[in-house]
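S.K.: Quick one: the structure is below, questions incoming.
The values are calculated or read from the model by the stated rules, or taken from the named source; none is laboratory data. Quantities reported herein were computed from a predicted structural model and do not represent experimental measurements. Cβ sites come from the backbone with ideal geometry, for glycine too, and all protein chains shown count toward neighbours. To get the accessible areas, we keep the full protein, side chains included, count just its heavy atoms, and leave off ligands, DNA and RNA. Shrake-Rupley method; radii C 1.70, N 1.55, O 1.52, S 1.80 Å.
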Amino acid sequence: CVSALPCCYGSGGRAAPVLVAAFAVGQETSIYPLLTVGFAALAIALFAMREPTGATAARVVVSEPGGSPAVPLAPRIPPRRSFAAATSVILVYVGAEIGFASWLYEFVNLQFAAAAATAITGAFWAAFSASRLAAVFAARRVTPERFIALALAAGLVFVLLLIVRPGVLAIAWIGAVGFGLAVGPIYPNVITAYSHRYELTGKRFGGIAVASCTGSMTFPWLIGRLLDVGGTVVVPAVTAGLLGASAAAAWMAFRR
C-alpha cells in the first residue's frame, strides 16, 4: 500500500497535462474548474465505498517458547537520531524529485524546443509511475534498504549523464526517463524501512510529512534562483547534490 499510494501521484502527474491538452481547445479558463470538480467527485465516490464486512485489524503477539512475552530488543541507533536521519532522507530526496520534475520542462525547452520538452516531461512521469507500480510487486523480494541504495545510485548516474553530455537530445531522453525509473520507489521504501525498526506513530509520520513539504518547497525554489545564474546545468547539478546528501542520510538511518 505504501508503494501503491505514491504511484497514483505519478499517474496523476502524467494524466493531468494530457487531459488539459485534450479538452482545453479555446476554453482554457473553464477546463481547470471542470477537472477539479470531476476529480473531487471521484474522490468522494471512493471514500463512500464501504469496507468489507468482518475486516478487523489483527494483533500479533510474539512470545518466548516458555509462554512469557518476549522482550523486544533495544534498537542500536537511538530513535531520535534515526528518525532525524530518516526525515532528512525524505527532505532532500523530495527536494531532488520535485525540483527535477518541476524544472525538467524548462531544462529541455531551453536546449531544444517546446515539443521535445512536453514529450520528455510526459515520459518522465510515465516512467516514475511505472517504477512505483513495479516496486509494489518487487517489495516481497527486495529489502527496502537495498531498494533505497540501488535507486539512489542509479538516479545519480542518470543525472550525472545529463551534466557531462548537455545539448544532446537522446541523452536528455535517457537521463529523464532513467531518473524517473530509478527514484520512483525511494519515498515509500524509506517509510517502510523506518517502520520495520520503530513504531511509526502519527506524530512521527507528521514529522515526515513536514520534511516532505519543506523539501518540495525549498529546493525547487533554489533551482529557480540558480537557473538564471548558472544556466540549464543547474537542474541536474543540484539534483545530483541532493541525491548524494540523501544517500548519506540513508546510510546514517539504515546502516544497521
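S.K.: Among (1) among the small types (G, A, S); (2) closer than 18 Å to L243 by Cβ; (3) out of contact with any helix residue (DSSP H, G or I) (no Cβ under 6 Å at 6 or more places or on another chain); (4) open to solvent by 20 Å² or more (accessible area, probe 1.4 Å), there is one condition S88 misses while meeting the rest; what is its number?
M.R.: Result: S88 passes all but (3).
S.K.: From (1) more than 14 Å from P236 (Cβ to Cβ); (2) assigned to a loop (DSSP other than H, G, I, E, B), pick out the condition that doesn't hold for A153.
M.R.: With respect to (1) more than 14 Å from P236 (Cβ to Cβ); (2) assigned to a loop (DSSP other than H, G, I, E, B), A153 is out only on (2).
S.K.: Ok, one more. Of the conditions (1) over 13 Å from the mean Cα position of the chain (by Cα); (2) over 21 Å from F147 (Cα atoms); (3) surrounded by 16 or more Cβ atoms within 10 Å (Cβ to Cβ), L200 fails just one. Which one is it?
M.R.: Exception for L200: condition (2).
S.K.: Check whether at least one residue in the stretch 198-210 is under 28 Å from W173 (Cα atoms), modelled with pLDDT under 90 and of a type in the set (S, T, Y), and report yes or no.
M.R.: no
S.K.: Mind listing whichever residues of the stretch 242-256 are surrounded by fewer than 18 Cβ atoms within 10 Å (Cβ to Cβ) and either at pLDDT 90 or above or assigned to a helix (DSSP H, G or I) (or both)?
M.R.: G244, A245, A248, W251, M252
S.K.: Within the set of pairs 6+ apart or on separate chains, which have a first residue in the stretch 215-241 that is farther than 23 Å from V168 by Cβ, a second that is among the β-branched types (V, I, T), and C-beta atoms under 6 Å apart?
M.R.: Pairs that qualify, where the first residue is farther than 23 Å from V168 by Cβ and the partner is among the β-branched types (V, I, T), are G215/V94; S216/V94; S216/I98; P220/I98.
S.K.: If I go through the stretch 164-197 residue by residue, how many of them are assigned to a helix (DSSP H, G or I), in contact with a Gly (Cβ under 9 Å, 6 or more places away or on another chain) and loosely packed, with under 15 Cβ neighbours inside 10 Å?
M.R.: So the count comes out to 0.
S.K.: Further, regarding this structure: Can you tell me which residue among T232, T218, T239 is outside any helix (DSSP H, G or I) and modelled with pLDDT of 85 or more?
M.R.: Answer to the check: T232.
Yes or no, residue by residue, for (1) open to solvent by 50 Å² or more (accessible area, probe 1.4 Å); (2) without any contact (Cβ under 8 Å) to a residue 60 or more places away in the chain; (3) under 16 Å from the mean Cα position of the chain (by Cα):
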| site | (1), (2), (3) |
| --- | --- |
| F83 | no, no, no |
| G95 | no, no, yes |
| W103 | yes, no, yes |
| E106 | yes, no, no |
| F112 | yes, no, no |
| A127 | no, yes, yes |
| A134 | yes, yes, yes |
| A138 | no, yes, no |
| V142 | no, yes, no |
